[in-house]
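The values are calculated or read from the model by the stated rules, or taken from the named source; none is laboratory data. Nothing here was measured: the structure is a model prediction, and the numbers come from that model. FYI the Cβ positions are ideal-geometry reconstructions off the backbone, even for glycines, and counts take in every protein chain you see. Accessible surface areas use protein heavy atoms only, side chains included; no ligands, DNA or RNA. Shrake-Rupley method; radii C 1.70, N 1.55, O 1.52, S 1.80 Å.
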Amino acid sequence: MQQLSSKHLLGIKDLTTSDIELIFETADNFKEVINRPIKKVPSLRDITIANVFFENSTRTKLSFELAEKRLSADVVNFSSSNSSVKKGETLLDTVNNILAMKVDMVVLRHSSPGAPHFLARHIKANIINAGDGTHEHPTQALLDTFSIREKLGDVAGKKVAIIGDILHSRVALSNIFALQKLGAEVMVCGPNTLLPKFIGNVGVKVELDVKKALKWCDVANVLRIQMERQQIKYFPSLREYTLYYGINKQLLDALDRPITIMHPGPINRGVELNSDVADSEHSIILNQVENGVAVRMAVLYLLAGIASDN
Amino acid sequence: MQKRLLLDSKLLDITISRLCQQLIENHGEFEDTVILGLQPKGIFLAERIKTKLESLLQNKIQTGQLDATFHRDDFRRRVTPLKANTTNVPFIIEDKKVVLIDDVLFTGRTVRAALDAMTAFGRPSKVELLVLINRRYSRDTPIEPQYVGKHVNTMFSQRVLVELKEQGTKKDNIWLVDKKDK
């Protein structure tokens with residue numbers, strides 16, 4: 001009998017290693033469930049979950065919604081683009097109004113870092129951070145590390161390179177925390193302008209040459225260039241970025257051993273990742289998506305389990 | 001400390017042999033019958049019964065492991081949630097006779113959840129329940145076992161402690177203990 005140490009999932013930073021292991025063990029069981037002919041269990045049938053998305057999302061939103069439905073929860077969806085937020089309502093008011101309709105859990109995506117932490121201080125429902133600005137994206141990191149564990153047997157001792165736009169990536173930060181908690185070595189690689197100034201302080205290796213990074217690592221987690229968050233030019237052109245940091249088959253063929261390729265999606269094909277790599281046998285990109293549902297089911301289930309204590 | 005031995009290794013062996021004979025009486029060669037052990041401890045018992053039946057019948061017996069955690073009705077109502085275990089049912093139970101196997105039958109709520117969990121693998125033609133220890137007069141549900149190792153009259157303040165070699169104990173022992181002396 002075990003439970004998570006927190007009633008919210010705000011970031012990987014707040015989780016303990018045993019929390020992550022409990023999530024993985026529970027996700028193993030849910031992965032078996034979602035591969036059955038009947039993919040549904042009734043665990044959350046008396047729970048209502050609001051998916052509150054202030055930012056666009058396809059994968060994360062679908063994945064959360066499927067996870068919720070496979071656990072038999074009632075689901076309401078909210079996206080800011082067609083809501084009263086446009087009329088000037090605050091985040092807290094919006095969410096309090098949703099909660100007044102008796103919602104038990106909130107899955108929140110917001111463009112401001114710390115938005116879920118702010119909500120968690122003010123409302124009673126369990127909050128799950130589905131990405132807050134450039135800060136954290138905990139379920140993505142959990143599903144990434146879960147996928148590494150599935151592919152390579154273990155995360156501890158593995159060398160993982162995170163390549164691309166580290167500066168704007170919440171996936172990078174959450175992955176760094178998760179990988180370090182599970183005992184992996186982490187390297188970040190990208191052009192200097194896309195690396196945060198103090199990235200060395202979180203205990204990761206920094207590499208500017210993508211060839212050296214690929215040679216060093218067991219797993220390369222390739223990130224998308226986030227054009228929507230870049231108000232200024234961080235590199236001369238996309239073509240130049242691809243030339244220096246794009247990963248293609250020739251680069252991988254030049255290595256002495258195969259490495260595992262990951263990408264949190266959406267892929268800019270031909271920019272950070274070539275199709276001959278994205279669709280190759282060493283890519284686990286679609287496994288990541290499948291595992292995403294199982295991992296999110298585990299998170300929802302475990303958080304719902306401790307709700308009764310309050 | 002109140003601790004009463006219900007079954008030891010030798011008695012357990014005799015009991016399992018008897019249960020196997022009773023199963024053979026009803027299921028013959030087990031052509032249409034599968035057995036499902038309930039997590040966590042029913043799976044060890046199911047494995048022992050399978051081994052014994054296979055040596056008696058010279059026949060392969062389909063055995064699965066079923067975990068009912070996600071189907072329990074006390075989720076969010078108990079202080080600490082139960083940890084889920086592996087479900088491994090590598091066959092479809094549609095139109096099969098199913099024998100559910102568990103170590104202890106108390107309120108019947110686990111079995112109710114298991115009946116629910118089982119439907120994900122098809123609609124069985126018949127379901128039976130085998131338990132090693134039947135705690136009488138304590139049911140919350142209208143569930144009764146068809147095969148019983150031993151009937152025991154117990155109080156709510158007591159629990160049945162099952163120690164099987166598969167969990168790493170030296171000997172098989174099944175005890176009736178007071179709840180506070182775990």
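The listed residues are B:Leu53, B:Leu19, B:Leu38, B:Leu12, and the only one of them that is open to solvent by less than 10 Å² (accessible area, probe 1.4 Å), within 30 Å of A:Leu71 (Cβ to Cβ) and either touching a residue at least 12 places away in the same chain (Cβ under 8 Å) or touching a helix residue (DSSP H, G or I) at 6+ places or on another chain (Cβ under 7 Å) (or both) turns out to be B:Leu38. In the range B:54-106, of all residues being charged (D, E, K, R) and outside any loop (DSSP other than H, G, I, E, B), the one that is farthest from A:Val295 (Cα to Cα) corresponds to B:Glu54.
Here the condition is being acidic (Asp, Glu), under 30 Å from B:Val89 (Cβ atoms) and away from chain B (no Cβ under 14 Å); of A:Asp19, A:Asp28, A:Asp74, it holds for A:Asp74 alone. Only residues that are under 20 Å from A:Asp74 (Cβ atoms) and open to solvent by 20 Å² or more (accessible area, probe 1.4 Å) were counted across the range A:104-133, and they come to 2.
Annotation note: Cβ proximity below 8 Å between a residue of the range A:195-212 that is part of a helix (DSSP H, G or I) and a residue that is β-branched (Val, Ile, Thr) and open to solvent by less than 90 Å² (accessible area, probe 1.4 Å) (sequence gap 6+ or interchain) occurs for A:Ile199/A:Ile166; A:Ile199/A:Val188; A:Ile199/A:Val206; A:Gly200/A:Val206; A:Val202/A:Ile176; A:Val210/A:Ile163; A:Val210/A:Ile247. Checking A:Ser79, A:Ser63, A:Ser6 one by one, the residue that is more than 12 Å from chain B (Cβ to nearest Cβ), without any contact (Cβ under 8 Å) to a residue 24 or more places away in the chain and either out of contact with any Cys (no Cβ under 7 Å at 6 or more places or on another chain) or polar (S, T, N, Q) (or both) is A:Ser6 and no other. The set of residues from the range A:202-247 being more than 18 Å from A:Asn175 (Cβ to Cβ) and either assigned by TED's automatic domain parsing to the domain that holds A:Ser57 or among the acidic types (Asp, Glu) (or both) comprises A:Asp209, A:Glu228, A:Glu240.
The residue that is nearest to the other protein chains (Cβ to nearest Cβ), counting only those in the range A:269-288 that are more than 21 Å from A:Gly153 (Cβ to Cβ) and of a type in the set (Val, Ile, Thr), is A:Val277.
Would you please name the residue that is modelled with the highest pLDDT, looking only at residues in the range A:167-204 that are over 24 Å from A:Asp132 (Cβ atoms) and surrounded by fewer than 17 Cβ atoms within 10 Å (Cβ to Cβ)? Looking at residues that are over 24 Å from A:Asp132 (Cβ atoms) and surrounded by fewer than 17 Cβ atoms within 10 Å (Cβ to Cβ), I get A:Gly183. Checking the structure you have, find out if any residue of the range A:252-273 is among the basic types (Lys, Arg), open to solvent by less than 60 Å² (accessible area, probe 1.4 Å) and in contact with an Asp or Glu (Cβ under 9 Å, 6 or more places away or on another chain). No. Based on what the data block shows, is B:Gly64 open to solvent by less than 50 Å² (accessible area, probe 1.4 Å) and under 26 Å from B:Asp140 (Cα atoms)? Judged against the criteria, B:Gly64 is not a match.
Among the residues of the range A:66-83, those that are touching a strand residue (DSSP E or B) at 6+ places or on another chain (Cβ under 6 Å), open to solvent by less than 70 Å² (accessible area, probe 1.4 Å) and not in a loop (DSSP other than H, G, I, E, B) comprise A:Glu68, A:Val75, A:Val76, A:Phe78, A:Ser79. Residue pairs whose Cβ atoms lie under 7 Å apart, separated by 6 or more positions or on different chains, with the first residue in the range A:32-60 and at negative phi and without any contact (Cβ under 8 Å) to a residue 60 or more places away in the chain and the second of a type in the set (Lys, Arg) and in a loop (DSSP other than H, G, I, E, B), are A:Thr48/A:Lys102. Just for the range B:97-136: of the residues that are of a type in the set (Val, Ile, Thr) and in contact with a His (Cβ under 9 Å, 6 or more places away or on another chain), which one is farthest from A:Glu32 (Cα to Cα)? Here the answer is B:Ile133.
Considering the range B:138-182 alone, what residues qualify as being of a type in the set (Phe, Trp, Tyr) and either more than 26 Å from B:Asp74 (Cα to Cα) or open to solvent by 80 Å² or more (accessible area, probe 1.4 Å) (or both)? B:Tyr147, B:Phe156, listed by residue number. Counting only residues that are outside any helix (DSSP H, G or I) and among the hydroxyl-bearing types (Ser, Thr, Tyr), which one in the range A:3-46 is most open to solvent (accessible area, probe 1.4 Å)? Checking each candidate, the answer is A:Ser5. Scanning the range B:84-127 for residues that are within 11 Å of chain A (Cβ to nearest Cβ), closer than 21 Å to B:Val162 by Cα and open to solvent by 20 Å² or more (accessible area, probe 1.4 Å) yields a total of 2. Every test in (1) farther than 30 Å from A:Phe30 by Cβ; (2) surrounded by 18 or more Cβ atoms within 10 Å (Cβ to Cβ) is passed by A:Pro236 save one, and that test is (2). Considering only residues that are within 19 Å of the chain's Cα centre (by Cα) and at the interface with chain A (Cβ under 7 Å from one of its Cβ atoms), look in the range B:68-83 and name the one that is surrounded by the most Cβ atoms within 10 Å (Cβ to Cβ). Per the criteria, the residue is B:Phe70.
Identification of helices (runs of 4 or more DSSP H) wholly contained in the range A:84-185 with 3 or more residues that are outside the structural domain of A:Thr17 (by TED's automatic domain parsing) and within 22 Å of A:Glu68 (Cβ to Cβ) yields A:138-152, A:170-181. Right, A:Met297: within 14 Å of chain B (Cβ to nearest Cβ) and hydrophobic (A, V, I, L, M, F, W, C) or not? Yes: the conditions hold for A:Met297.
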